[in-house]
1. To two decimal places, what compactness ratio does segment 124-173 give when its Cα radius of gyration is scaled by 2.2 N^0.38 Å?
2. Give me the dipole magnitude in Debye, nearest 20, for segment 105-175 about the Cα centre, with unit charges on the beta carbon: positive for Lys and Arg, negative for Asp and Glu.
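FYI, it's all coordinate maths here, none of it is from the lab. The structure presented is a predicted model; accordingly, all values stated were derived computationally and were not measured. As a convention, Cβ positions derive from the backbone with ideal geometry for all residues, glycine included, and neighbour counts pool all protein chains shown.
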Amino acid sequence: MIYELYSHRKKKIPRSGEEDVYQYDTVPKALRVQVQQILVEAIGPQYLVDGYTLSSYSHNPEAWQFIHKTLCRELGVHKLAAGGLEIEQVLDYIGTPGIEGFLDALELSARVIERVIGDYNDHKRKEHGIKETANEAIGEINHRLRECGLGYRYEDGTLIRVDSEFSHELIIKPALNVLRGKEFAGAQVEFLEAHRFYRAGEYSQAIVEAAKSFESTLKAACNINGWRYEKGARASDLLKKVRSEGLWPAYLDGSFDQLLATLSSGLPKVRNEEGAHGQGAVIRAVPEYIATYALHLAAAKIRLIAEAAYARKH
């Protein structure tokens with residue numbers, strides 16, 4: 001069987017080298033340890049059972065042997081690392097190689113967890129010493145990757161670079177690039193803070209920071225073009241101001257009302273309802289998909305406003 005490793009696919013994908021909120025080249029030591037621990041809990045331990053053992057306790061070799069054998073064959077080696085048992089070699093390999101070796105082992109192990117271990121019932125998981133379900137393990141792997149800012153995500157059997165996702169490539173990264181201008185320094189800090197909170201799973205605060213960045217972008221657009229606004233102006237006030245100044249060209253008027261409605265009711269509405277007001281008697285948990293939507297919405301607006309502001313000035 002031929003298995004296309006992550007490192008093989010990477011060579012087929014040219015990268016742009018643009019600025020991003022994630023990095024793709026260095027695996028933090030803590031992440032390596034976390035992944036090792038997740039795999040042991042999700043696949044189970046491997047024991048060496050000799051011929052004198054009377055117990056039928058499962059030594060769980062199949063999954064670890066498959067991972068080890070597949071990696072060795074695709075890499076063209078006999079062993080991954082020092083050590084006897086396959087589990088020792090796989091875990092050592094995860095702890096010592098560069099980024100590509102780490103991702104190769106992580107992707108293959110995650111696929112085994114998802115497609116093999118995921119079919120185990122409660123009895124079989126207990127028999128194999130498994131302490132974490134497949135869904136829990138995959139969810140934690142993606143959380144740990146995002147938490148440390150390593151820009152990869154496991155989905156449907158494959159590790160993908162976050163910047164290869166359509167929404168990230170066409171929305172987030174262009175917004176980051178336009179915020180590199182000195183006029184948008186404040187908005188850039190807030191936008192990066194939004195992503196920092198998002199990676200940490202603090203979704204309510206991520207939405208608040210995204211909204212701040214959006215408002216700061218509107219203010220910067222006004223400053224660039226010398227348009228005055230009241231101190232403490234909110235997003236709705238700033239939107240009215242840039243519209244009155246004709247920030248968008250006249251040929252967009254056919255869709256301008258719909259665009260303004262989206263700008264006026266989208267992010268500010270999400271911010272007010274999910275992030276900026278008090279929790280009340282019951283603490284509200286902001287779902288990840290709401291935070292993702294808010295960040296993408298903010299990024300799209302930031303890019304449009306910033307580019308329009310520069311175009312109007314020149």
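1. So segment 124-173 has a normalised radius of gyration of 1.47.
2. 140 debye
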